[in-house]
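Novice: For reference, the structure I am asking about is given below.
The values are calculated or read from the model by the stated rules, or taken from the named source; none is laboratory data. These figures come from a predicted structure and were not determined experimentally. Glycine gets a Cβ as well: all are built from the backbone with ideal geometry, and neighbour counts include every protein chain shown. Remember, those area values only see protein heavy atoms, side chains included, never the ligands or the DNA or RNA. Shrake-Rupley method; radii C 1.70, N 1.55, O 1.52, S 1.80 Å.
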Amino acid sequence: MKVLYIAELVGKAGVFTFKKALSELKSRYPWDFMITCADGATGGNGLGRSHAAYIHKLGANVITLGECCFYKKDLTENLDKSPYVLRPENLNPQAPGIGSKVYNTPSGEKIAVAVLLGQNGFGRIHANNPFAALPGVLERLKKQTPYIIIDFHAQASAEKKTFFYAADGLCSAVIGSHIRVQTADETIMPGGTACISDAGRTGSQQSVGGCDANSRIKEYLTGIPDWTKDAWDDPQLQGVYLDIGKDGKAVSIERVRIKIESELESAEGI
């Protein structure tokens, strides 16, 4: 099983970069299943309903969200009707949407994807302990497929590293997200689980997490958030490419980085 994970799309530049990189992705990284993190695709934080549908139409089999999962009302109200969008599993059961699901691949095989949210550094959303939630999620998904991918959306590297050891041998891969900076610590753990602390981001690289640097500086000076200004310099798609054996163990994990030539006029309407 070949799985392509696209790191977090940030703003219009992220959606645009994802679209422009698809042709090269298909030639370099043929996949059986694509997972795309889009927690910051709409305005740099959250995901709107129209962007969700557009990203799915472009080829993302599953779209994962993190702490910004309920930031856009139009999607929140329709999460129960969007099975290709996953919010964190370890939220209150009464929250809209789902946090894990088993999907069919074009070849007829099944693959499971789950999202878990870390507990450090998130002030606007409160999740249950991801370590406590992990066994129940895996037990349920393993009944249907050996291919299980976990998107661990967390801020603290220590929490991510600890989670890797907790999940080792129990799933195919744990892919870290949220930091929006690609780390160089991709590895296959002793039990056969592929891990990376953060897959990075898709969008402007000459920016602060994909966002306009001046607006970020202003926020630190004034305390007033401003997510209205997109950053476009040095657009790049990042992510990881996984090869998983029939037993559900990872065979390889490779970082993905594709730079594109920015054509701003082509981004209108995104």
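Novice: Is at least one residue of segment 92-107 among the aliphatic types (A, V, I, L, M), at pLDDT 95 or above, open to solvent by 50 Å² or more (accessible area, probe 1.4 Å) and more than 30 Å from Ala184 (Cβ to Cβ)?
Specialist: Of the residues in segment 92-107, the ones among the aliphatic types (A, V, I, L, M) are 95, 98, 102.
Right, trim to at pLDDT 95 or above and you get 95, 98, 102.
Checking the rest, the ones that are also open to solvent by 50 Å² or more (accessible area, probe 1.4 Å) come to 98.
Cutting the leftovers down to more than 30 Å from Ala184 (Cβ to Cβ) gives us 98.
Scanning segment 92-107, I find at least one residue that is among the aliphatic types (A, V, I, L, M), at pLDDT 95 or above, open to solvent by 50 Å² or more (accessible area, probe 1.4 Å) and more than 30 Å from Ala184 (Cβ to Cβ), so the answer is yes.
Novice: Wholly within segment 1-119, which helices (runs of 4 or more DSSP H) include no fewer than the required count, namely at least 2 residues that are under 16 Å from Leu237 (Cβ atoms)?
Specialist: Those helices (runs of 4 or more DSSP H) span 11-28, 49-58.
Novice: Here's another thing I want to ask about it. Being modelled with pLDDT of 95 or more, touching a Lys or Arg at 6+ places or on another chain (Cβ under 7 Å) and under 24 Å from Thr17 (Cα atoms) narrows it down to one of Val85, Val115, so name that one.
Specialist: Answer to the selection: Val115.
Novice: Any chance you could count how many residues in segment 125-160 are of a type in the set (Lys, Arg) and within 17 Å of Gly200 (Cβ to Cβ)?
Specialist: Just the residues of segment 125-160 that are of a type in the set (Lys, Arg), to begin with: 140, 142-143, 160.
Filter once more, keeping what is within 17 Å of Gly200 (Cβ to Cβ): 160.
Total meeting the criteria: 1.
Novice: Which condition does Leu237 not pass, out of (1) farther than 18 Å from Lys12 by Cβ; (2) of a type outside the set (D, E, K, R); (3) in a strand (DSSP E or B), if it passes all the others?
Specialist: The number of the failed condition is (1).
Novice: Can you pull out every residue in segment 11-44 that is of a type in the set (A, V, I, L, M, F, W, C), open to solvent by 10 Å² or more (accessible area, probe 1.4 Å) and in contact with a strand residue (DSSP E or B) (Cβ under 8 Å, 6 or more places away or on another chain)?
Specialist: Trp31
Novice: In segment 147-199, what residues are assigned to a helix (DSSP H, G or I), buried (at least 24 other Cβ atoms within 10 Å of the Cβ) and small (Gly, Ala, Ser)?
Specialist: Result: Ala167, single match.
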